Structures are given as structure tokens and as C-alpha cells.
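A short worksheet on the structure shown next.
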């Protein structure tokens, strides 16, 4: 996940409150608009059949039995650094585990994603199940797992290394128990979810695989949490350039890049945005200048703009760009020159979208949660699911089990006590969507293949 700032609550026409920032984990405890109170009969019947089937009961017992071994995978992967754009070593380790657990044809694609296909009978949909390889922590961070107070502590251990370990456990038990799904499972450890990774892994997957019918992503989240909205964002880097000069000798002759940027920041701070759809902005970083007694020849700032609706995001973006141009013009006018300029670079582009609360994929997650005694909480954020949502492909993010905290901090931790219960819940969600041969038909409908872009 990217940043993890909790969001305020607001209704959508049929859905939910979206978190301002990108973390599913902070959905814990947040109230949202109504979850479906009932699911369609086909969904209810499919899960009734699944949960009554002896093969599925045995499979869920295997998930529980695999818990301790899966924690070893969690520790091993956590202790391999995976900063944004430097996920290769962790990808190689994840690939090795996938192959050892039965996906001999798994590979690392051109973008760096680890991709493995567990084929179904050939008569069902293709469901992407994924967790991201990258963490927010830079190279050199101490990622050694430490046990204390009944918890495992290490940067990145829950976000999203727990998700990777859950995918491996699902793969192992499905193969060990010889469960044949009807639909295909495309199992992926993807790159580029955090920071300026810009969802590059997911964008590549959906560019290269045009027959994906749906997605279930695994992220740290409380039991029962189902993410159904993807908050869109644009990020810009602005560079202000001027001639510079001595703070005394050149005073009155040249404009200051920092002063111009300061004017811009003040104007941006006054921009009004709607509370619905929630739309936000911030000047996140600033820099520039050469010395205290120099009229600054350069300055730079980074701006983050987000919204639950693309139209509102674009309107706010327009206001931000206009405010900056006005500020530069005012700084030039102040000294009767035209020597200060500004340029911009789009450094982040996350498309937005949503999965309807009455769609089959959401109802499937709701029904599975109910079976495990959880009340469903519908949330929104900026995650890997943004990409399929933006393409109109049904997608949700769910938790992988365990209690977690300290996201994006060196103090990140996970309590894996009974975490196998969350892994069971998630696997049942997936099985209902793809179907199990001789037990249930897939709920997820096949989609016409998308045209190549």
C-alpha cells in the first residue's frame, strides 16, 4: 500500500466511504455505507455447497495445519529487502517457492512480477490472486524479524509480505489436497504498488493478460474488510527556474524561484475541493536555493492530488496548475521581468474506479465472511485493485489473516495468532468465484477478451 492516512466518512450513491490514502489496513474500524444485506441465491447456494463438501472441509483443515510452515515463508521473505524498483531478490525467492510448491512454469515477467498459472478444467473464468512484493523501506533497512510480546516485528512484515505467504500457503494446500478448480488461478507477486512504483506491475499484467475476468488482492486488513473503491491520484513535480543573484546586489532586478514557489503554495492552500466525492491535495515536499544570501535560481516541490472520482480529480488538478502559473506571473510582475519560469512532470498516475457493492465478486466476499462469522466492512483506498477497477474488471482487496499495525514504520508488526482463520476465509472467497470441480460452479462470469491497446 502507499501512504496510510485514515479518511473521514462520507456516503457514495450505492457504496461507501473511501480512505483518503492508500492503505487498506486503516479501514479497520471505519464505518461505511451499507453492505449488501442479502446475496443472490446462486451465491448463497455455491457457498453452502462448498462449505458442506468433505474435500473443502479437508482443504480448510490443511490451511490450519500449514500455518506454522507458512510463517517460515513469511519470515524468510520479510528478511529479503524489496524497496520500490528493487524487488528482484525477493521476486526470485518468491518464484523459487512457487516452483517448489508445484507451479513449475511460473516465471518473472518483463516488469518484474512473479506470475504463475494454476489451470482449472478449462471451462471457467481466470481469476487473478495477488500480493505485492515491494515495501516502502529503502535499501539498508534492518528487516530482521524479531519476536516479542507474542508478535513478529519487522518493516514490511504485514504490508504486504503476509499476503505473499498466504498465496504460497493456498498454492500448497490446493496441490497437496488435489483440489481441481473450474476456473484458472493466476497467482502473482507483483511489483510497483508502493510510493512512485505507480502500479507498474498491475498495469503490465493487465496490458499483457487480456483475459483476466476478476481480481482478489491480499493486503493487511481486519477480518471482514472488503475494499471496493480505488481512489485515483495524480502526482506532480514542479521545477521553478530563475536567473538567481546576490541577495543584496541583485535585489530588485531578478525574481526568486523560492518566492515564486511560495506564492504558488499559498494559492494552492486556498483551493476548495468537494467533500463528496472526497478530493484532496497537498504540497508534500519542497526544496531549492543555494545559500542564505542568494536569490534562489531554482526551487522544486511535489504535489499529490487525489479523489474518489476522476472528474473531481481533474478539476482540482486544473486549479493547481492555474494557481502555479498565476504565482509565477505575479513574481515576474513584482520585479517587472519575465525571467522566472516553471515546468512540471507527472510522476504519479493511479487510475481510479470501483466495484459495485451488488456485483458477484463483492457478494461472494460477503457470503464467505458471513460463513466465518464476520460482518463485512466495505472500504476504499489506492491499491493494486485500482488498475482492474479502472478497466471495468471486478476487483476486491481482502485481508490475509492476523492482527497488524505500524504500517510504513520501522515498528511494523503482525500477530499471527489464529491467522490461519483469515487465510481460510480468503481461500473460500476465491473458491466460490472459480468453482470446484464436482462441488460448485464458478460464480465469476467470463468476460470477452479485451482488445490489445
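So how many residues does segment 155-181 have that are surrounded by 24 or more Cβ atoms within 10 Å (Cβ to Cβ) and assigned to a loop (DSSP other than H, G, I, E, B)?
2
Applying the selection to segment 386-405, what residues are touching a helix residue (DSSP H, G or I) at 6+ places or on another chain (Cβ under 7 Å) and part of a strand (DSSP E or B)? Let's see the steps before the verdict.
First, the residues of segment 386-405 that are touching a helix residue (DSSP H, G or I) at 6+ places or on another chain (Cβ under 7 Å): 387-388, 391, 394-402, 404.
395, 396, 397, 398, 404 - these are the residues of segment 386-405 that are touching a helix residue (DSSP H, G or I) at 6+ places or on another chain (Cβ under 7 Å) and part of a strand (DSSP E or B).
Which count do you get for residues in segment 212-256 that are over 21 Å from residue 429 (Cβ atoms) and touching a strand residue (DSSP E or B) at 6+ places or on another chain (Cβ under 9 Å)? Steps first, answer last, please.
Here is the first cut: in segment 212-256, the ones over 21 Å from residue 429 (Cβ atoms) are 231-256.
In the following step, the residues that additionally are touching a strand residue (DSSP E or B) at 6+ places or on another chain (Cβ under 9 Å) were identified as 231-247, 250-251, 253-256.
Residues that pass the stated criteria total 23.
Considering only segment 182-200, state which residues are surrounded by fewer than 24 Cβ atoms within 10 Å (Cβ to Cβ) and either in contact with a helix residue (DSSP H, G or I) (Cβ under 7 Å, 6 or more places away or on another chain) or part of a loop (DSSP other than H, G, I, E, B) (or both).
182, 198
Of all residues in segment 129-148, which are outside any loop (DSSP other than H, G, I, E, B) and touching a helix residue (DSSP H, G or I) at 6+ places or on another chain (Cβ under 7 Å)?
129, 131, 132
Which condition number in (1) outside any strand (DSSP E or B); (2) buried (at least 18 other Cβ atoms within 10 Å of the Cβ) is the one that residue 314 fails?
So the condition that residue 314 fails would be (2).
Give the number of residues within segment 330-355 that are in a loop (DSSP other than H, G, I, E, B) and surrounded by 14 or more Cβ atoms within 10 Å (Cβ to Cβ). Spell out how you get there, then give the answer.
Here is the first cut: in segment 330-355, the residues in a loop (DSSP other than H, G, I, E, B) are 335-340, 351-352, 355.
Next, from what is left, pick out any that are surrounded by 14 or more Cβ atoms within 10 Å (Cβ to Cβ): 335, 337, 339-340, 351-352, 355.
The total comes to 7.
Taking residue 302, is it surrounded by 18 or more Cβ atoms within 10 Å (Cβ to Cβ) and either in contact (Cβ under 8 Å) with a residue 60 or more places away in the chain or over 31 Å from the mean Cα position of the chain (by Cα) (or both)?
Numbers: surrounded by 18 or more Cβ atoms within 10 Å (Cβ to Cβ): yes; either in contact (Cβ under 8 Å) with a residue 60 or more places away in the chain or over 31 Å from the mean Cα position of the chain (by Cα) (or both): yes.
Answer is yes for this residue.
Determine, yes or no, whether residue 320 is under 33 Å from the mean Cα position of the chain (by Cα), assigned to a helix (DSSP H, G or I), touching a residue at least 60 places away in the same chain (Cβ under 8 Å) and surrounded by 15 or more Cβ atoms within 10 Å (Cβ to Cβ).
Yes.
Hey, could you check segment 356-367 for residues that are touching a strand residue (DSSP E or B) at 6+ places or on another chain (Cβ under 9 Å) and outside any loop (DSSP other than H, G, I, E, B) and say which is surrounded by the most Cβ atoms within 10 Å (Cβ to Cβ)?
So in segment 356-367, the residues touching a strand residue (DSSP E or B) at 6+ places or on another chain (Cβ under 9 Å) come out as 356-357, 359-362, 364-366.
The next check asks that each one be outside any loop (DSSP other than H, G, I, E, B); those that pass are 360-362, 364-366.
On the way: 360: 22, 361: 27, 362: 24, 364: 27, 365: 33, 366: 25.
Here the answer is 365.
Of these, 203, 267, which one is buried (at least 16 other Cβ atoms within 10 Å of the Cβ) and closer than 30 Å to residue 388 by Cα?
Result of the check over 203, 267: 203.
Please go through segment 407-453 and pick out each residue that is assigned to a loop (DSSP other than H, G, I, E, B), closer than 30 Å to residue 149 by Cα and in contact (Cβ under 8 Å) with a residue 60 or more places away in the chain.
Result: 407, 408, 409, 410, 411, 412, 416, 417, 419.
Give me the pairs: first residue in segment 252-270 and outside the structural domain of residue 321 (by TED's automatic domain parsing), second residue buried (at least 20 other Cβ atoms within 10 Å of the Cβ) and assigned to a loop (DSSP other than H, G, I, E, B), beta-carbon distance under 8 Å, and six or more apart or on different chains, which are they?
That search, which allows pairs on different chains as well, returns nothing.
Looking only at segment 376-388, decide whether some residue is out of contact with any strand residue (DSSP E or B) (no Cβ under 9 Å at 6 or more places or on another chain), crowded, with 18+ Cβ neighbours inside 10 Å and modelled with pLDDT of 95 or more.
In the first step, residues of segment 376-388 are kept if they are out of contact with any strand residue (DSSP E or B) (no Cβ under 9 Å at 6 or more places or on another chain); the result is none.
No, because not a single residue in segment 376-388 is out of contact with any strand residue (DSSP E or B) (no Cβ under 9 Å at 6 or more places or on another chain), crowded, with 18+ Cβ neighbours inside 10 Å and modelled with pLDDT of 95 or more.
Working only within segment 93-122, note down all residues that are surrounded by 17 or more Cβ atoms within 10 Å (Cβ to Cβ) and in a loop (DSSP other than H, G, I, E, B).
The answer is 101, 103, 106, 109, 111, 112, 113, 120.
State all residues of segment 68-92 that are surrounded by fewer than 19 Cβ atoms within 10 Å (Cβ to Cβ) and in a helix (DSSP H, G or I); if no residue qualifies, say none.
Within segment 68-92, 68, 69, 72, 75, 76, 88, 89, 92 meet the criteria.
The values are calculated or read from the model by the stated rules, or taken from the named source; none is laboratory data. Please read all numbers here as calculations on a predicted model, not as lab measurements. Cβ coordinates were reconstructed from backbone atoms using ideal geometry, including for glycine residues, and neighbour counts include every protein chain displayed.
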